[in-house]
Structure formats: C-alpha cells, structure tokens
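These notes concern the structure reproduced below.
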There are 2 protein chains.
Amino acid sequence: MEILEQIKKTVNATLPEKCQVTKVEMEGPEVAIYTKNPKAFFENENFVAKIAFELKKRVNIRTDKTLLSDPAEAKKKIMEIVPEDAQIKDIAFNTAFSEVVIESIKPGLVIGKGGETSKKIILETGWTPNITRAPTQESEILRGIRHHLNKYSDERKKILKETAKKIYSEIKTSPNDWVRLIALGGFRQVGRSCMLVETPHTKVMLDCGINIANDSPGEAFPYLDVLHFPLDELSAVVITHAHMDHSGFLPYLFKLGYRGPVYCTAPTRELMTLLQFDYIDVMAKEGREAPYSEKDVKEAVKYCIPRDYREVTDIAPDMKLTLHNAAHILGSASAHLHIGEGAHNLVYSGDFKNGFTRLFNNVDIKYPRLETLIIESTYGGRDAIQPNRQFSEDKLLRVIKETVQKDGNILIPVFAVGRAQEIILVLENFYRKGLLDTKCYIDGMTRQAGAIHTAYPEYLREGVQRRVLQNDSPFSAEIFETANGKNRAEVLEDKGAIIIASSGMLTGGPSLDYFYRMAENPANTIIFVGYQGEGSLGKKIQSGIKTLPITEKNGKTRAMNINIRTETIEGFSGHSDRNQLVNYISSLKPKPKRILVNHGEKNRSIEFAKYISSKFRINTASLRNLDAVRLR
Amino acid sequence: MEILEQIKKTVNATLPEKCQVTKVEMEGPEVAIYTKNPKAFFENENFVAKIAFELKKRVNIRTDKTLLSDPAEAKKKIMEIVPEDAQIKDIAFNTAFSEVVIESIKPGLVIGKGGETSKKIILETGWTPNITRAPTQESEILRGIRHHLNKYSDERKKILKETAKKIYSEIKTSPNDWVRLIALGGFRQVGRSCMLVETPHTKVMLDCGINIANDSPGEAFPYLDVLHFPLDELSAVVITHAHMDHSGFLPYLFKLGYRGPVYCTAPTRELMTLLQFDYIDVMAKEGREAPYSEKDVKEAVKYCIPRDYREVTDIAPDMKLTLHNAAHILGSASAHLHIGEGAHNLVYSGDFKNGFTRLFNNVDIKYPRLETLIIESTYGGRDAIQPNRQFSEDKLLRVIKETVQKDGNILIPVFAVGRAQEIILVLENFYRKGLLDTKCYIDGMTRQAGAIHTAYPEYLREGVQRRVLQNDSPFSAEIFETANGKNRAEVLEDKGAIIIASSGMLTGGPSLDYFYRMAENPANTIIFVGYQGEGSLGKKIQSGIKTLPITEKNGKTRAMNINIRTETIEGFSGHSDRNQLVNYISSLKPKPKRILVNHGEKNRSIEFAKYISSKFRINTASLRNLDAVRLR
C-alpha cells in the first residue's frame, strides 16, 4: 500500500523521536500509531491533533503490545483508578487494538478532568481505554453487540486492514470518469430503499432495505439481480438509518458473500441489529422463513465501521463519505458523497425531519458542495401537510383524558424505533408538568430501543442529552412500566392505562395482540401517530372498517366488531411534511443542480417532483426502480 | 427441449405418413424437417405453408441424408437441368443442411416456372437448392463470406441448435417482469451506437458500434464494462445496419468470448464484414492496432442469423424480433421487439430516411404494437432542414458542369456504403438523360459495396430492382470506371472527371489522397454530400480553412493552400432531416407512449426531445450514455 509508506513518512516527520513509534497501520479509513512511550503524547497533546491534521484522517494512538499488562491485574488497577461513582458495568480487553473497553454509567468520570483518569489508565496498565456509555436501562442487544465486537476483535482488525487496502488502492482516474446512480428499490414506493452509486472504479450501495409489508420476493427485496457483478466488487455499503426499509436486507448481502465495510453511525448499528433480530423472530413465529439468519446479522456487525456526524471518511479511492444529522430516528443520517476530485457531490437525504422534535437537533442543511440531491417524499403529496406540533400534543392529551374518564385504555401503535421514543418524551413531558398521571406501559422491543437511546445521548437534542447524562433520563421516568406478553391481560385491567407497543401499522407484534383484546370495547381508544402503509391493517382500521375476521382459540373464525374509538393524530411523524420538504430544499446550501425523488407512494413522488421542478426550476425527476441516471 | 417435442407432435399431426419425415430439428428460430420423400411435399405444396402456419416459424424442408447423391455427380446434373442462360457462377455442397448453394446471375431460371427447375434438382440429386444471386460485378467479400459460411456449415448447424436451446428454454414469467433499457453508447452523440434491452430472463443488445472519429478507448467504444455480466449471458445481438458506428464493435464481442446469435439482414452481414475488414486494414496502414482481428470478424459472420424485413422471429423465451425497412442504406432496419406476452413493444428506428431516395422503398411506419420508440436525431436540430431533392440534384449538376467547363476535376467524398450508391444513381440518371457525359471514377471500397447491392436487388427500390434483375444495373453503367491507388494520377489527368471515393469525411482512404492531389488547384471542386462529423477534416474544409499542414515525401512539412472550390450540397443524406423526423413520428401507427432520443450531437438531441415532447405531448427524453430507463 503506497499510502502507508506516505503516512509513515509523515508520522516520522511530524513526531519527535521520543514518541518511540513502533508500528503504523491502517485500520480501515483510520490510522493506528503504536508507541512505546504513550507519555510523550500526553506531554504535548498537540501531537495527536497535528498528525491527524497532516494525515486528514482519524488517528488512534495505541500502546506497543510489550507494554500491555496482564488483563486481570489491569482490571484491578482500573477499578482502583476510576472513582466508584463512575459505576463501571463492564471491562473487556481487546489485544488486537491494545484497547480496554470500559462501559460505565458515567463515562465522564472514567475520562477524568482533562483526560487525567484515562491517561493514568494507559500509563499504569498499558491499555488504551475505549470508554463507552452503559445504557441507564439494561439492554441485552447492546451488551450482545459489544461482546461480539470484542470477541472478534482480531478478525475485525484484519477486516479493517483489508478494507484499507481497497480504500487506498491505486487507480488511474481520467477526466472522462463518469458517475451513475442505479435505483434498486424504494423509488416510487416506501420500502426496500436501495441504490448504487457507480464510477469506473467504485461501487457503493446506499441503504439496503426490505419491504416488510410485501411478501413476494419480487416486491419485497431490492433488485440486486440487475447488478450482475459479484458482491465482492462492492466497495462499501452505507446505511442511513436503522429502519428495516433501509437496513433490513443488509444481512442478506452477507449471506450472499459480501465481506466489505458497512458505514453507519454507532446507534444505527445497534438499532438495526435489534430490528433485524426481531424480524427473524417475528418471521419464525409466523411460521415463515426470513431470508437470512442471526449468523448473517452478526457477520454484518463485524464489518460495520461506525462514523460520527460530519466526519469525512475515505471509503474508496475516488469517494469520501460524510454522514449528517437527519433528525429522523436515533443515529439517522443524510449521506454526502464527494466523488472524484470534486467531480461530483451527492447528498442522499435519507428519511429526515425538517421540523421540531423532542428527540433530535435540527436536520443538517449545509454541505461543502452539492450537485445532486436524492430526497424522500413520504409526505410529498399536495395534501400532505401536518398540523403544528402544539396542536398535535394538545389533541393527544385531550383524547387520552377523554378515554381515561370513560375508564378505557389507550393503545398507541408505534414503530419500536423512532415514533415510540418521541411519544414517550411527549408523555413524560405531560407527566412532569402534572397534566397526566395515568400509567403508561411500554411493551416489547420499544423498551430495548429506548435503552439504546440512553447509551448514545450525544445523538439526542441537547436538553434530553443533558438529562440522560445527569441520570434523569426521561425514558426511565416513573410513569413508564414494562409490559410483555405475559402480563398483557393484567395491563388491560388497569383501567385508563396507556399502552405503547409496536408494530406501528398493526402488521404483527404486541400492538396487534393488544388491538385484538381492546377492539370490541367502545370505551377504549386507538391512536395512530405514524405512517400507515397501503394494505396494512392499521390503514384499514384508520379508514374505518367495522368488522374483522378473527380466528378464536378453538379454531373457529368469527367477525370481530371494531367498536374501539379510532383517532389519527398527525404531526408526530419523523418524516418531513410537504412544507418541510420544500423548506428543506429552500434552505439547503448550496442549491443542488439536480434533484431525484425517492421514498414515497408513486403519485406523491411524481407530483412532488413536478412541483419542485417548477417551483425551484431545478431539474427534478421521480425515478423508477431499475432506472439508472448518469450524474456526471 | 420441450418445444421440439411439441413441434414433432404438430408435424406428425399435420403431415401425412407419405411425407416420410425422418428427423425434425431446430435451426435457431427455424424448423428443419428431414424427409425421405420430398416429392410428397411437391404434390401438395400447401404442406409447407400449413406446417409453417401451425408452427408460426420458418420451416425448411430438407432431404434425408441417405438421398444425397455424390456432389460431383449432382453438380453435373444441376448443370444439365439449369438452362445455360442462368449463368451459374458457383455451386457448393453443404451436407449439414442437405443444401446445394447455387449462385447465378439469373436465379429466376434456377428456380424455374412455379419452382419446377428447383424441384427437379431436389428429386434428381437429393440436394435442396439454396439459390443466391451472384453480383453483376465481381465481389471478393461476398464470395469470401459465402465460402466461409459453406466451409463452416457443420459448425453453423451446431450453433443454430445451441441457439434454439436458449431461445426456447423454459422460463417462469411473472406479471411483475420488468423491461429496462441501458444506454451504452451513441446517446447525445453520433458514434458507438449500442444499447441493452433487459428483462429478468433476457438480455439483448441493439447495435454495437464504434466511434471511428475518436481515438481514446473511453470515448470510442460502448460502455460494455457497466454491464458486469459475462457475455455468454447475452441472449442476442441485433445489428440494424452495417455502418461502423452501429456494427463496428461487434467483432470485439466475439474477441471477448461472446458466442451467440447476431440478427441482421443478409446485406447488413455482408456490408458490415466489408467495413470491418476495411477498418482493420486502415488501422494497420496508419500503424495503429484495431481492437480486433480478421479472425474475430469471421467468427461473428458464423453466428449471423439473417432475417428478412417483416419476418417475426423468436430470439428469446420472452422476446420476438422483427426487422423493418429503414431506407438508410442497403439492408438497414428498424428493430421491433415484442417483449413478454404483450408486456411491451419497442421500436428502435435505427438510422432512417423518411423521404425520397433513388435507392430504397419508403421507410416502414406501421407496427402491430408500439409503446416505446427510440429515434435518431442526427438532423434533429431546429436548423437542420434539408432542401428538396430536385433542388439538390440540380445544384449538383450545375456545380459539376461549371467545374468541367474550367477543365477542373470534381471530388465527391462519400461513405463507401450508402451515400456512394445514392450519388451513383443520381449521376447515372444524369447520364441516361443525356445531361452529362463526363467520366466518373469510383475508387476503392465503394465499388465492392456497389457489387453487394446487385446481389440483393430485393432490398432496392422497385425500379432499380427491376433494372438489376434485367442485367441493366445502374451500378454497371458505362459512365463509371474503376480507379484505385495505382492510377489516381492518371485519373486526375483526365480533365473534367468526377471522382467518387471514400472516406466520406476525409478522415482517411482514397478521398483524402485525391484531396491532397487536388486541393491547390482552384479549377477543381470538392462537393460534400454527407454528414461531416465534428473535428473531422471534412468539417474543417467545409468551414473554410485556408491552409493545411502536410508532410511531403521528403519528410518536410509545409502549409498547403486550399484553393479548391468547396461546395456543400445537402439533401442527399440517408438521414431524415428535422421535418422528416417529425413527420415520421406523426405518421407512425400506432403512436408510441414514450420516445427516447439517441444518435445526434448533444444539443440537437436535447432540443429535439424538448420539441417532440411539447409538440406531441408524448413523454420524450434525450438519454445520456449510461442512463438506464425502466420501460415496464
């Protein structure tokens, strides 16, 4: 690797001899510098910043393996060094990276003032601390992923080296180099989002989703078969957020043999793993077979290279990726691709919210350069205007109170990841302000997803972040109780209770179970707060169907009357409504030269593209799946 | 092959026992029925028509191999049976097809009244005559191809069997089956025409051209590298006409390993072979290397399956091809693809002339069904209106006469195939009407191309066809003499001579040699009658450059003054002008639902697409190379 030689030269030229560098390695897009004298780096901290600036890469300073003390001893020392109040939950040693992963409730105390505690750990044990936040609630999935990553750290080190070789391979660029985009799924539809960005040297997949609402393989999965190339020619996969329609087909790539990098934020990695496992589980319960197994999901996790927002990363010889906040769900991103030396800049918005949410900071609207924008259009239709948030919250409170007065229960079906947490924050706010004191049950996966939010407070809106860091997490407020399959009947005996349960469109999961139990009682209320896909039961209930055939335990089928009060409250969506989409385009800096519309029902996408085209006089098209567009 | 069993059943059910069928085989899309009693088929000729109708396929009745008499004896018999006046030029036996290829000047006499002579040959020799027309002028290339086909007839028989297996393989269609078109070359440009039509089951390439005007491989060849699939997955290649920008890259497919069918008309096969050989030759003379060799050209010839106009042919399990007259050059075609069971109908116009030509019948404008039209736009610009033909012919005559009066010579650079023959017919008409009596020299390949025209009179306009059949071929009129490298100086001594020579854009070949010899004399005239590509010398001369650096034989470079009179006469083009393109779309039956524009300089294509879109209110786009469009 040519680049490694160059980097070594820069390292030698930048760092003084006392730094005692013993090895320089690539770890994917990052640089690892091994030292026999970590102290030299602390004495003048600018070294790390300086070398990172010179290399324009993330730099990891690692201690030489000869300095690593015995793990048992090191663990003892760490427990001595770190104040008890930090509440260390887990310590794991990871020789491949000379790292000790320390998971604690208060990671700030593990770092110490000015990094003092952390430095002390290095100097006294030889291990470099990788300090992560333990969720304030227990999360099996997060624990599982962290253990998995540790267990396979040798393999991950190898993977990162292999990835680096590809990222920094020599290519012969030409002024004729083209860029094209192939629509593989999620165009003129919601579901199975997937596209390929291709240059003569590089093939990068953006999202790899699955259409859960559709059974037939021809309609459920992206059109990978038109790619015609073996998957090991894929340079990288980028996942913008964890929802199954963006990430759900990723393990299948690994089943098919893909063994390359997957770029996403850390929370996206955890949440998509949660959702993929759940998908396999739900399929199994329904006696169907998922297209991949847990093994494939776990394999994908090994290949994830988490990136923070606004961190520029080389992902191919002619491509740099930067993820930006999309404010849709935890860790959701818009992807910016810088292709060639300024040849083309593409932003794929991903699903995004350009409007107030309790969970997240505002969506990013500034990019260094931008020629092509790919924008979602879930609510791109002329009629798709959402009410303002205050109105929605007031209505939610009113409907809940009216139901409670009648001794009814309230079912709010939600996507386990995203809407659930937003509604939880809204309810917690009612509770904190004394507007509500009824119990709220959170069933199933929603609880797990909440826990992952508390492990990544830096991805949350400042106020929420602060509360999580101060161990006053709104997700753990007293009002909330955990429910599960075993105590659903009990939950419903608790008159006036609110139940937050997935799935969001009543296509399965606990929400469906609750619905069956609650549907015949007119005192109950179901409140839809999220998107209901065409053909889903949620959509049908919303549209006012009066009966539903159900199969009783004795095997007999009968028509169940739907007497439950049905309410839809718009305005909580994690998607931008029509006005917010238009405002996003208005505010984008710089203005794109071309806009491609995806992720919306056919007519909405077409209508939105037409509107944008005439309003902004920007070349705008609503692509179809299988279309390919030359961008340059 | 499931289908063969079905065909055998139909054959048995349709033909009486006395027909003594010994074998039924597929020969590509055709059916071969071997019989021990060919007489039975003559007694009731309806058998052939009946079985062809039942099978909806071309049916070849072949005699059982046991009936084939010794070739030497058979040859003797044929010479006895056929009247001498038929002027047999060649007899070749072809055991693989039980065929005797009889090439004669008057093939009608080999067939005989009501097919009597032909029948007699079968009954007396056992061999089925395949009666071809000998060109009235000698043509090495034609002879070469015919011998080549004979020599490899066993191999061709195998190829046809293999092809049939693929055409009639079992596929599982679905109502979701999609159709997409990938632009691989010749979009927003003239040169390297190439596109792929793809369904879940089939991949068919339409044209495979080369951009001779451009040297760099990235600009000269179609973007085959984005296909990503091995070429043996290609179901078929269709070549619409012989010009290098449509056929010139075909041998390269064979060099890369493609070994599948190539559908085109018979004259296209002969003419493209001529042009491809010439290309290799010219490259070699310029000390450059062609991307393929003569071996590859010959290999491609073996895989050609010639089709007549309006003959419906199965080319894949879900695709039927029909070629239609495009009136551009000899054998030029528009390609109609019927995809799926009525799922989609596509017409690729190819290069076409919607206007009067002396050479060809009118372009076809009626199709059974049509959803997508791909149309050329060489003269699609607002300003690209050609004068009417009478005006052009008058001007040509006037310019020639003015030059002759001054004892000057006239150089008309032409594409060897197409414009050359049209101009020859125009000049021959002047001569026949007594308007002109000056000598006309035809140099180089143009002569060969003319000969091929006389072998396929059925592809010519009725009047010309009749004259060729009556051995009064205008191509052989007294006015025309053959010139070549050796006597070019002599030719020019003949004051007042017309020289017709390729290349058409002075990019090489004899026309360039003549030009150098003639340029400094103001008594001479050069007349441009065809398209001059951007950057070509022809275009520069046309635009009025006054000097040209040339290298003398002594190796010194000097500036040559261009004193020659330069005239451009529009109106002879084999391309439709703007109005003719628009009229073509108006006249097309049925109206297409979508129009895609190719084959034109960037601005012309874009402008034409816009105009068509607003005039006809049909969804029209000017694709870029590498774009792909979902058609269904």
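The values are calculated or read from the model by the stated rules, or taken from the named source; none is laboratory data. Keep in mind that what you see is a predicted model, and the values were worked out from it rather than measured. Please note: Cβ atoms are built from the backbone with ideal geometry, for glycine as well, and neighbour counts cover all protein chains shown. To get the accessible areas, we keep the full protein, side chains included, count just its heavy atoms, and leave off ligands, DNA and RNA. Shrake-Rupley method; radii C 1.70, N 1.55, O 1.52, S 1.80 Å.
Structural remarks
- Some residue of segment A:131-151 being among the β-branched types (Val, Ile, Thr) and without any contact (Cβ under 8 Å) to a residue 40 or more places away in the chain: yes
- Here is the figure for segment B:462-476: residues that are among the small types (Gly, Ala, Ser) and under 22 Å from B:Ser511 (Cα atoms) total 1.
- Identity of the residue in segment A:16-37, in contact with a strand residue (DSSP E or B) (Cβ under 6 Å, 6 or more places away or on another chain) and in a loop (DSSP other than H, G, I, E, B), that ends up nearest to A:Lys302 (Cα to Cα): A:Gly28
- Residues that are of a type outside the set (Phe, Trp, Tyr) and in a loop (DSSP other than H, G, I, E, B), drawn from segment B:561-582: B:Ile562, B:Asn563, B:Ile564, B:Ile569, B:Glu570, B:Gly571, B:Ser573, B:Gly574, B:His575, B:Ser576, B:Asp577
- Residues that are away from chain A (no Cβ under 13 Å), in a loop (DSSP other than H, G, I, E, B) and aliphatic (A, V, I, L, M), drawn from segment B:583-632: B:Leu588, B:Ile618
- Residue within segment A:532-540 that is of a type outside the set (Lys, Arg), within 14 Å of chain B (Cβ to nearest Cβ) and in a helix (DSSP H, G or I) present: no
- The one condition from (1) modelled with pLDDT under 95; (2) of a type outside the set (S, T, N, Q); (3) in a loop (DSSP other than H, G, I, E, B) that A:Ala523 does not meet is (1).
- Taken together, B:Lys302, B:Lys255 contain a single residue that is open to solvent by 30 Å² or more (accessible area, probe 1.4 Å), over 25 Å from B:Leu506 (Cα atoms) and away from chain A (no Cβ under 14 Å), which is B:Lys255.
- Any hit, segment A:152-169, residues being polar (S, T, N, Q), within 14 Å of chain B (Cβ to nearest Cβ) and touching a residue at least 40 places away in the same chain (Cβ under 8 Å): no
- Residues located in segment B:170-183, provided they are over 34 Å from the mean Cα position of the chain (by Cα) and facing chain A (nearest Cβ under 9 Å): B:Ser174, B:Asn176
- The set of residues in segment A:38-65 that are over 17 Å from A:Asn94 (Cβ atoms) and either of a type in the set (A, V, I, L, M) or in contact with a strand residue (DSSP E or B) (Cβ under 9 Å, 6 or more places away or on another chain) (or both) comprises A:Ala40, A:Phe41, A:Phe47, A:Val48, A:Ala49, A:Ile51, A:Ala52, A:Leu55, A:Lys56, A:Lys57, A:Arg58, A:Val59.
Every residue, every condition in (1) surrounded by fewer than 20 Cβ atoms within 10 Å (Cβ to Cβ); (2) on the phi > 0 side of the Ramachandran plot; (3) under 33 Å from the mean Cα position of the chain (by Cα); (4) of a type in the set (S, T, N, Q), yes or no:
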{"residue": "B:Gln6", "(1), (2), (3), (4)": "yes, no, no, yes"}
{"residue": "B:Lys9", "(1), (2), (3), (4)": "yes, no, no, no"}
{"residue": "B:Asn12", "(1), (2), (3), (4)": "yes, no, no, yes"}
{"residue": "B:Lys18", "(1), (2), (3), (4)": "yes, no, no, no"}
{"residue": "B:Thr22", "(1), (2), (3), (4)": "yes, no, no, yes"}
{"residue": "B:Glu25", "(1), (2), (3), (4)": "yes, no, yes, no"}
{"residue": "B:Gly28", "(1), (2), (3), (4)": "no, yes, yes, no"}
{"residue": "B:Phe42", "(1), (2), (3), (4)": "yes, no, no, no"}
{"residue": "B:Val48", "(1), (2), (3), (4)": "yes, no, yes, no"}
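Here is a yes/no grid of residues against (1) touching a Cys at 6+ places or on another chain (Cβ under 8 Å); (2) in a helix (DSSP H, G or I); (3) open to solvent by 20 Å² or more (accessible area, probe 1.4 Å); (4) modelled with pLDDT under 85:
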site: B:Gln465; (1), (2), (3), (4): no, yes, yes, no
site: B:Asp472; (1), (2), (3), (4): no, no, yes, no
site: B:Glu481; (1), (2), (3), (4): yes, no, yes, no
site: B:Arg488; (1), (2), (3), (4): no, yes, yes, no
site: B:Leu492; (1), (2), (3), (4): no, yes, yes, no
site: B:Ser503; (1), (2), (3), (4): no, no, yes, no
site: B:Leu506; (1), (2), (3), (4): no, no, no, no
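- Scanning segment B:86-105 for residues that are within 23 Å of the chain's Cα centre (by Cα) and farther than 13 Å from B:Ile121 by Cα yields a count of 3.
- Check on B:Leu275, open to solvent by less than 10 Å² (accessible area, probe 1.4 Å) and either over 14 Å from the mean Cα position of the chain (by Cα) or away from every other protein chain (no Cβ under 14 Å) (or both): no
- Failed condition for B:Ser216, given (1) hydroxyl-bearing (Ser, Thr, Tyr); (2) closer than 22 Å to A:Ile182 by Cβ; (3) at the interface with another protein chain (Cβ under 9 Å from one of its Cβ atoms): (2)
- Residue check for B:Gly191: on the phi > 0 side of the Ramachandran plot and more than 14 Å from chain A (Cβ to nearest Cβ): yes
- The residues of segment B:30-40 that are of a type in the set (A, V, I, L, M, F, W, C) and either exposed (fewer than 14 other Cβ atoms within 10 Å of the Cβ) or modelled with pLDDT of 95 or more (or both), listed by number, are B:Val31, B:Ala32, B:Ile33.
- Candidates A:Asp207, A:Asp281, A:Asp232 - the one that is away from every other protein chain (no Cβ under 14 Å), of a type in the set (Asp, Glu) and out of contact with any Ser or Thr (no Cβ under 7 Å at 6 or more places or on another chain): A:Asp281
- Positions within segment A:595-632 being hydroxyl-bearing (Ser, Thr, Tyr) and open to solvent by 10 Å² or more (accessible area, probe 1.4 Å), in sequence order: A:Tyr611, A:Ser613, A:Ser614, A:Thr620, A:Ser622
- Those strands (runs of 3 or more DSSP E) of segment B:73-134 in which 1 or more residues are loosely packed, with under 15 Cβ neighbours inside 10 Å occupy B:88-94.
- Positions within segment B:308-327 being open to solvent by less than 10 Å² (accessible area, probe 1.4 Å), in a loop (DSSP other than H, G, I, E, B) and touching a strand residue (DSSP E or B) at 6+ places or on another chain (Cβ under 9 Å), in sequence order: B:Ala326
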